[in-house]
Amino acid sequence: MGSDKQYDGYRSYDYLDDEDYTQIELADMFSGFDPHEVELTADETDRVEQLVADETVVSLHDHPFHFPDDVHEDLWEYIREGRVHTAYEFLTETPLDATFDMHLDGLSGIHSKHGWKWDDIVHDISMRACDIAHSEYALQCGSVADIHRAHDEGKVAVVPALESAAMIENELDRLEQLYGMGVRCMGITYNASNSLGTGQGDIYERDGGLTAFGTDAVERMNKVGMAISTSHSSPQTTLDVCEVTDEPIFDTHALAQTGGMGQRGSSDEELQAIADTGGVIGILSSTHLPDLETYMQHFEYLVDLVGIDHVAFGPDVLYGDHTSLLEVLAEFHGVELPESTMENPYVKGLENPTEAWNNIPRWLVKHDYSDEEIAKVLGENVIRVLDEVW
Ligand SMILES: [Zn+2]
């Protein structure tokens with residue numbers, strides 16, 4: 001966060017008139033939960049302020065946009081309207097210079113109930129890009145120079161990214177089209193398998209790993225300069241991608257499975273394989289953890305396992321009531337939410353990008369990480385990979 005935020009008050013689609021599209025009331029920054037801030041001494045607070053001013057801060061995985069205020073009532077109409085609102089004003093209250101933006105992903109569904117269709121993904125990416133092009137504060141990030149520019153000019157660089165390659169179907173050229181539309185990072189699979197490989201949700205049936213087409217897709221992404229993420233891919237798909245790729249890869253949002261972490265996450269073997277490509281693993285919070293302390297346990301475990309050069313943060317949070325969102329989605333899929341979700345309806349200290357990105361540097365300072373270590377995990381590690389891949 002180089003200089004003060006250059007925010008002029010622009011809100012999404014301000015270039016249109018009210019009657020041009022359906023207006024939906026959007027969530028406030030802290031609607032539905034009590035924010036929590038890591039307590040620091042005055043000296044520690046000064047150190048945090050200096051660090052985030054000097055260093056470049058990058059989120060490897062978030063959904064930095066608004067959901068409706070009443071998710072139960074308005075979610076589907078908001079999605080069908082096809083105008084996701086970037087949370088510009090709330091992002092000014094983070095130290096972020098850049099954020100990977102995972103878009104609506106499988107929720108992108110103007111034409112489809114089940115998501116991941118080419119038309120819907122193109123609609124979501126291009127509509128968001130049009131809106132961002134009208135903002136003075138945000139810029140669509142296509143290069144590392146854009147991240148440095150955002151840092152120097154008090155802006156936020158938004159990196160278009162997707163969590164699955166399902167929408168390319170059997171068309172390798174679509175990778176180049178998506179790159180042309182701005183996409184700079186893409187997952188191989190979501191939880192469901194696709195033409196590239198086995199997804200994390202299918203491993204109980206059979207883990208077939210990366211397909212021949214998936215191998216071609218990895219090679220094309222390497223050539224095009226699109227970063228690859230193995231988040232949501234099966235263990236074998238992850239290991240196969242690490243084997244095939246010529247470039248370092250990301251797991252943009254991951255938890256550890258072992259070392260007493262007790263989470264359904266990635267095995268040590270997968271995490272080590274990603275690090276061995278020269279890649280970086282972002283620590284996931286989302287709905288899976290009760291609080292910041294548990295989140296940072298995963299961080300410390302990963303640092304011990306793969307080394308601090310290969311760890312970053314990808315909290316995977318959004319602006320809105322995520323528990324209601326999970327309820328609506330569970331109802332749609334005809335499944336019950338796990339009890340653990342309802343035990344911890346809010347992630348204490350990490351509920352949205354503003355809370356997460358203010359608390360992460362505070363926690364690192366409180367726990368005596370050095371300036372050099374903090375700089376690496378807040379942004380330098382991710383930028384090192386992007387310098388190679390992009
Ligand atoms: Zn995800």
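The table below gives the values:
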{"item": "Of residues in the stretch 266-281 being of a type in the set (A, V, I, L, M) and not in a helix (DSSP H, G or I), the one surrounded by the fewest Cβ atoms within 10 Å (Cβ to Cβ)", "result": "Val280"}
{"item": "Residue within the stretch 141-155 that is more than 16 Å from the ligand (Cβ to nearest atom) and within 27 Å of Glu77 (Cα to Cα) present", "result": "no"}
{"item": "The stretch 121-145 - residue that is free of Cβ contacts under 8 Å to residues at least 24 places away in the same chain and in a helix (DSSP H, G or I) and, of those, farthest from Glu388 (Cα to Cα)", "result": "Cys130"}
{"item": "Among (1) modelled with pLDDT under 95; (2) over 30 Å from Leu139 (Cβ atoms); (3) in contact with a Gly (Cβ under 8 Å, 6 or more places away or on another chain) - the single one Ala254 does not satisfy", "result": "(2)"}
{"item": "Given (1) in contact (Cβ under 8 Å) with a residue 12 or more places away in the chain; (2) over 21 Å from the mean Cα position of the chain (by Cα), number of the condition Leu337 does not satisfy", "result": "(1)"}
{"item": "Where a residue in the stretch 301-323 is assigned to a strand (DSSP E or B) and its partner, wherever it lies, is within 16 Å of the ligand (Cβ to nearest atom) and among the basic types (Lys, Arg), with Cβ under 9 Å and at least six apart", "result": "none"}
{"item": "Count of residues meeting criterion [of a type outside the set (Val, Ile, Thr), part of a helix (DSSP H, G or I) and more than 20 Å from Val311 (Cα to Cα)] in the stretch 201-242", "result": "14"}
{"item": "Evaluation of Met167 against (1) within 16 Å of the ligand (Cβ to nearest atom); (2) out of contact with any Lys or Arg (no Cβ under 9 Å at 6 or more places or on another chain) (one fails), failing number", "result": "(2)"}
{"item": "Residue within the stretch 287-295 that is at pLDDT 95 or above, within 16 Å of the ligand (Cβ to nearest atom) and crowded, with 16+ Cβ neighbours inside 10 Å present", "result": "no"}
{"item": "Given (1) within 16 Å of the ligand (Cβ to nearest atom); (2) of a type outside the set (S, T, N, Q); (3) assigned to a helix (DSSP H, G or I); (4) free of Cβ contacts under 8 Å to residues at least 60 places away in the same chain, index of the condition Gly106 fails", "result": "(4)"}
{"item": "Answer from Leu75, Leu96, Leu40, Leu51 - the residue that is within 23 Å of Ile374 (Cα to Cα), away from the ligand (no atom under 16 Å from the Cβ), touching a helix residue (DSSP H, G or I) at 6+ places or on another chain (Cβ under 9 Å) and assigned to a helix (DSSP H, G or I)", "result": "Leu51"}
{"item": "Count of residues meeting criterion [within 16 Å of the ligand (Cβ to nearest atom), over 20 Å from the mean Cα position of the chain (by Cα) and closer than 19 Å to Thr252 by Cβ] in the stretch 200-236", "result": "0"}
{"item": "Answer from Glu37, Glu55 - the residue that is at pLDDT 95 or above and surrounded by fewer than 21 Cβ atoms within 10 Å (Cβ to Cβ)", "result": "Glu37"}
{"item": "Output for the stretch 131-144, where each listed residue is more than 20 Å from the chain's Cα centre (by Cα) and surrounded by fewer than 16 Cβ atoms within 10 Å (Cβ to Cβ)", "result": "Ala133, His134, Glu136"}
{"item": "Pair list, Cβ < 8 Å and 6+ apart or interchain, from the stretch 282-293 residues that are closer than 12 Å to Glu351 by Cα and in a loop (DSSP other than H, G, I, E, B) to residues that are aromatic (Phe, Trp, Tyr) and within 16 Å of the ligand (Cβ to nearest atom)", "result": "Ser285/Tyr295; Leu289/Tyr295"}
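The values are calculated or read from the model by the stated rules, or taken from the named source; none is laboratory data. Just so it is clear, the model here is predicted, and its values are computed rather than measured. Backbone-built Cβ (ideal geometry, glycine too); neighbour counts: all protein chains shown.
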